[in-house]
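S.K.: Can you keep this structure in mind? I'll have questions shortly.
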Amino acid sequence: VSSASLEDSFSIASEDGMPSGVAFSNSGKKMFMVGNDNDSVFEYTLATAWDVSSASSVDSFSVASEGSSPSDLIFSKSGKKMFVTDNNGDEVNEYTLSTAWDVSSASFANSFSVASQENFPSGIAFSKSGEKMFILGANGDDVNEYTLSIAWDVSSASFVDSFSVASQDVFPTGIAFSKSGMKMFIVGANDDDVNEYTLSVAWDVSSASFVDSFSIASQEVGPTCIAFGN
């Protein structure tokens, strides 16, 4: 992240005044934003893959029936499942999509409470296999790791371990991993930066150590989420 530089931006103000999470399809041709104001997931198409300046709004899907304070979202590799964290219910809500990467086809499946570990879940990530889930906590300032006995099924999750990021930021809001699971990135709303960690054991947060950080304060005060291109 120390080598990062600003390229472009895209306003989503017409959809939601308090965006809290972002995700992309595998191709980079679709972008999804969850908004705290309208409690909805908004879908965009990108004319140029991974170029947000080419985005245009397509559709939306309300998650208000499951939670009134959505904080982040992520999709399964297939695009047939969507997961939304809610910091009011302290839970992860799972949805199935009858059409991959089409939020208008979503329907609620089940939920999983993280209240025993965190009462302000602010970010979510999965391992490539879908057999590990990571919940970032803005209250506990840590990453909570869970194993899923059934891949991409949050009802099968069980808590494993946690890793504190309090030394880098006391209001962590977004989380992402490299494809290998050997690097973890945490965005912090207190210091307005992205913090990079290495993991000596892939997808094991207890093996994480801080490496470097990158300030985004010139572009945003209070960043809420992070995602990478393929």
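S.K.: Considering only protein heavy atoms and a 1.4 Å probe, what is the carbon-and-sulfur percentage of the accessible area of the chain?
M.R.: Taking all protein chains in place, the chain shows 47 percent carbon and sulfur surface.
S.K.: Taking the mean number of other Cβ atoms within 10 Å as a proxy for protection, how do you rank 158-166, 121-129, 193-201 from highest to lowest? Can you show the working numbers first?
M.R.: Values: 158-166: 15.4, 121-129: 21.6, 193-201: 17.6.
In descending order of packing, they fall as 121-129, 193-201, 158-166.
S.K.: Right, here's the next one. When volume of the Cα convex hull per residue in Å³ is calculated directly from the model, which label among [x] 139; [y] 108; [z] 202 fits?
M.R.: Answer by label: [y].
S.K.: Another question about this same structure. Do any of K29/K132; K29/K77; K30/K183; K80/K132; K81/K132; K29/K183 go past 19 Å between their Cα atoms, and which?
M.R.: Working: K29/K132 26 Å; K29/K77 14 Å; K30/K183 24 Å; K80/K132 17 Å; K81/K132 15 Å; K29/K183 25 Å.
Where the Cα-Cα span goes over 19 Å, the pairs concerned are K29/K132; K30/K183; K29/K183.
S.K.: Let me ask something else. Residues with amide H under 5 Å of I216's amide H, sequence separation 5 or more or different chain, H placed in the peptide plane at 1.01 Å from N; which?
M.R.: Residues meeting the amide H criterion: D193, V194.
S.K.: Explain nothing, just the number: dipole magnitude of the chain about its Cα centre with +1 on each Lys and Arg Cβ and -1 on each Asp and Glu Cβ, in debye rounded to the nearest 20. Write out the running numbers ahead of the final one.
M.R.: Values: 9 positive and 31 negative charges, 178 e Å.
The dipole magnitude comes to about 860 debye.
S.K.: To the nearest 0.05, how large is the calculated FRET efficiency for N230 and S158 if R₀ is 22 Å and r is the Cβ-Cβ distance? Walk me through the numbers on the way to the answer.
M.R.: Details: r = 30 Å, r/R0 = 1.36.
Plugging the Cβ-Cβ distance into 1/(1 + (r/R0)^6) gives 0.15.
S.K.: Could you calculate the contour length gain from S149 to S57, that is, 0.36 nm times the residue separation minus the distance between their Cα atoms, to one decimal place in nm? Walk me through the numbers before you get to the answer.
M.R.: Values: separation 92, 0.36 × 92 = 33.12 nm, distance 3.62 nm.
Stretched fully, the S149-S57 segment lengthens by 29.5 nm.
S.K.: Positive end of the charge dipole of segment 1-120 (Lys, Arg +1 and Asp, Glu -1 on Cβ, about the Cα centre): tell me which of G35, S104, S76 has its Cα farthest that way.
M.R.: In segment 1-120, that residue is S76.
S.K.: For segment 40-83, what is the charge dipole size about the Cα centre, in debye to the nearest 20, if Lys and Arg each add +1 at the Cβ and Asp and Glu each add -1 at the Cβ?
M.R.: On the way: 3 positive and 5 negative charges, 44 e Å.
Computed charge dipole of segment 40-83: roughly 220 debye.
S.K.: Just to confirm, what accessible area per residue do you get for the chain at 1.4 Å probe, in whole Å²? Working shown, then result.
M.R.: Details: 9550 Å² over 230 residues.
That works out to 42 Å² per residue.
S.K.: With springs connecting C-alpha atoms under 10 Å apart, model the chain as a Gaussian network and identify which of K179, K30, K132 has the largest mean-square fluctuation.
M.R.: Fluctuation is largest for K179.
S.K.: Here's a follow-up. At a 10 angstrom cut-off on C-beta neighbours, averaged per residue, how do the peptides 14-25, 109-120, 64-75 rank from highest to lowest? The partial results should precede the final answer.
M.R.: On the way: 14-25: 18.1, 109-120: 16.5, 64-75: 19.7.
Most protected by this proxy first, the peptides run 64-75, 14-25, 109-120.
S.K.: Could you pull out which residues in segment 144-166 have an amide N less than 18 Å from a spot 7 Å beyond the Cα of N110, following the Cα-Cβ vector?
M.R.: 146-160
The values are calculated or read from the model by the stated rules, or taken from the named source; none is laboratory data. Remember, predicted model here, so these are calculated numbers, not experimental data. Counting neighbours? That spans all protein chains shown, and the Cβs are built from the backbone with ideal geometry, glycine included. Ligands, DNA and RNA are excluded from the accessible area calculation, which covers all protein heavy atoms including side chains. Shrake-Rupley method; radii C 1.70, N 1.55, O 1.52, S 1.80 Å.
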